[in-house]
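The structure under discussion appears below in the form of structure tokens.
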Amino acid sequence: MFDFLLTQNSTPIIGWCASILGKVMQALYALFCMIGVENIGLCIIIFTLLIKLVLFPMALKQQKFSKLSTLMNPELQAIQKKYQGKRDNASMMKMQEETQAVYEKYGTSPTGSCLQMLIQMPILFSLYYIISNIPAYVPQVQEYYTPVSEVICDDYEYFGYFDEIVTEDKELKYDYVSNVVKDFEKTDGKNKKVIDVLARYSNKQWSDLEKSYNNMEKLVDELKSYSDSDWEKIAKKYKGDEKEKFNDFVEVIKDDEQSAELLKSYSDSIESIDSAKNKIMKIYAFGPINLTQSPMSTMGWAILIPLLSFLTQWYSTRLSFKNSEMPQDNPMASSMKMMTTIMPLFSLFIALSVPAGLGLYWAISGLFQIIQQLALNNYFKKVDVNDIIAKNVEKANKKKAKQGYVAKQVINAANTNTKSISNNVKVNGNKESVNKKGKIKSGSMAEKANMVKAFDERNK
């Protein structure tokens, strides 16, 4: 028997984020229902804007780091050039010290905006799963699919037998019956997720499903004319319990009263399917666009969504590149410029093949990104970068002050370790560490111990 509940994402972190953010989508849909507006498109728009507003502080931090990087990069490159080709421990430690000093000068760290990106990534991935699987996270929408899924689960076994007979008998041409079976065998796993398939049904597929039930009366009438030898021929495919179930199916077809009841149930199923279809098409309608279908499959008004997604993504990436103020002679400049074209084109390609609801999310996200970038560009025109540096340094110093006791513990531990190394050298009279003139040999344990000790004293 089918498990007809739509599958939620169960991946650690991403699945957890999707579960939490799914509650937000559920609340939005319930709110719209209270005012008499049941529309997934509007929910996606408001949902996208809310998430983007929540992530705005992180975007601001990333932009600040980008500004500071423009100032830091020449200094960092100068340090790298200074120690180019030097791989000895002393040079490596000095290079590390000077690099760290540059970051401390600007009140930031090498990780920069990495933390913000790490936080955003699972959120963005979870949004993809929510919007592509609305019925899984919005119970009110799932309720529209449930009657249809129950009908299909109850009838699927009989549909399987009908499909076998239609395939066996070349004179029987009821493709719609076969389509029902094929559609619901697309899902993998032991338990087929019926709503997973229904949630991606196009108008044509809904019509085919209804036609499958409409064809039952004609198909049953034709099967009544089958002889016992015809049924025995087909029954050879089945063994054990399956054969007993098939024989029960044959008896239902042969018996007038039972076959009449079966056809009556199919007639009721058509009404359930038609009612659910009308409701689903209504809530997923965004003007003339059905958000459950991919623009490539319809090639109608839905094509506007991937185009809008492309244009917004392209313009927002150009604005972001412009804001970075990266010199044209920088090797990374050409790569970033190329990405401003490649990424939007990739977005266009993907948006053409996925449900239009996802494309709508990307388009609205890109539009928000443009507004956000224009606002940030205007903000940074009015703000002195020196003020940003001063605030960063002040914040970093406060953080260091709070963690001071930890730093002292580390220094003390380092000093203790240095002393133990030095004492070990003296006690054992290590010939490799000290030469005949009493000087410490380059690359020895004693030299390394002294280097660590000197570093610790400088940072006290």
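The values are calculated or read from the model by the stated rules, or taken from the named source; none is laboratory data. Owing to the predicted nature of the structure, the values given are computational and were not obtained by experimental measurement. Glycine gets a Cβ as well: all are built from the backbone with ideal geometry, and neighbour counts include every protein chain shown.
Quick notes
- Qualifying positions in the range 19-65 - under 26 Å from V385 (Cβ atoms) and either without any contact (Cβ under 8 Å) to a residue 24 or more places away in the chain or not assigned by TED's automatic domain parsing to the domain that holds F125 (or both): L53, P57
- If you go through the range 238-252 and keep only what is in a helix (DSSP H, G or I) and of a type outside the set (S, T, N, Q), you end up with G240, D241, E242, K243, E244, K245, F246, D248, F249, V250, E251, V252.
- Residue within the range 228-240 that is among the hydroxyl-bearing types (S, T, Y), within 30 Å of A136 (Cβ to Cβ) and surrounded by 13 or more Cβ atoms within 10 Å (Cβ to Cβ) present: no
- Where K224 falls short, out of the listed (1) within 24 Å of E150 (Cα to Cα); (2) in contact with a Ser or Thr (Cβ under 8 Å, 6 or more places away or on another chain); (3) assigned by TED's automatic domain parsing to the domain that holds V148: (1)
- Spans of helices (runs of 4 or more DSSP H) in the range 66-171 with at least 2 residues touching a Leu at 6+ places or on another chain (Cβ under 6 Å) and in contact (Cβ under 8 Å) with a residue 12 or more places away in the chain: 114-132, 134-137, 139-168
- Among residues of the range 251-267 being within 13 Å of L219 (Cα to Cα) and of a type outside the set (S, T, N, Q), the one that is surrounded by the most Cβ atoms within 10 Å (Cβ to Cβ) is I253.
- Test result for M72, farther than 30 Å from I305 by Cα, surrounded by 16 or more Cβ atoms within 10 Å (Cβ to Cβ) and out of contact with any strand residue (DSSP E or B) (no Cβ under 6 Å at 6 or more places or on another chain): yes
- Per this entry, S297 is not counted among residues that are small (G, A, S), surrounded by fewer than 19 Cβ atoms within 10 Å (Cβ to Cβ) and farther than 20 Å from A351 by Cβ.
- Residues of the range 246-292 that turn out to be over 22 Å from N215 (Cβ atoms) and hydrophobic (A, V, I, L, M, F, W, C), as a count: 7
- Test: residue in the range 17-37 that is in contact with a strand residue (DSSP E or B) (Cβ under 6 Å, 6 or more places away or on another chain), assigned to a helix (DSSP H, G or I), modelled with pLDDT of 90 or more and within 28 Å of I370 (Cα to Cα): no
- The residue of the range 3-16 that is modelled with the lowest pLDDT, among those that are hydrophobic (A, V, I, L, M, F, W, C) and buried (at least 18 other Cβ atoms within 10 Å of the Cβ), is F4.
- Out of E185, E97, E104, sole residue that is modelled with pLDDT under 80, acidic (D, E) and either more than 17 Å from I273 (Cβ to Cβ) or in contact with a helix residue (DSSP H, G or I) (Cβ under 7 Å, 6 or more places away or on another chain) (or both): E185
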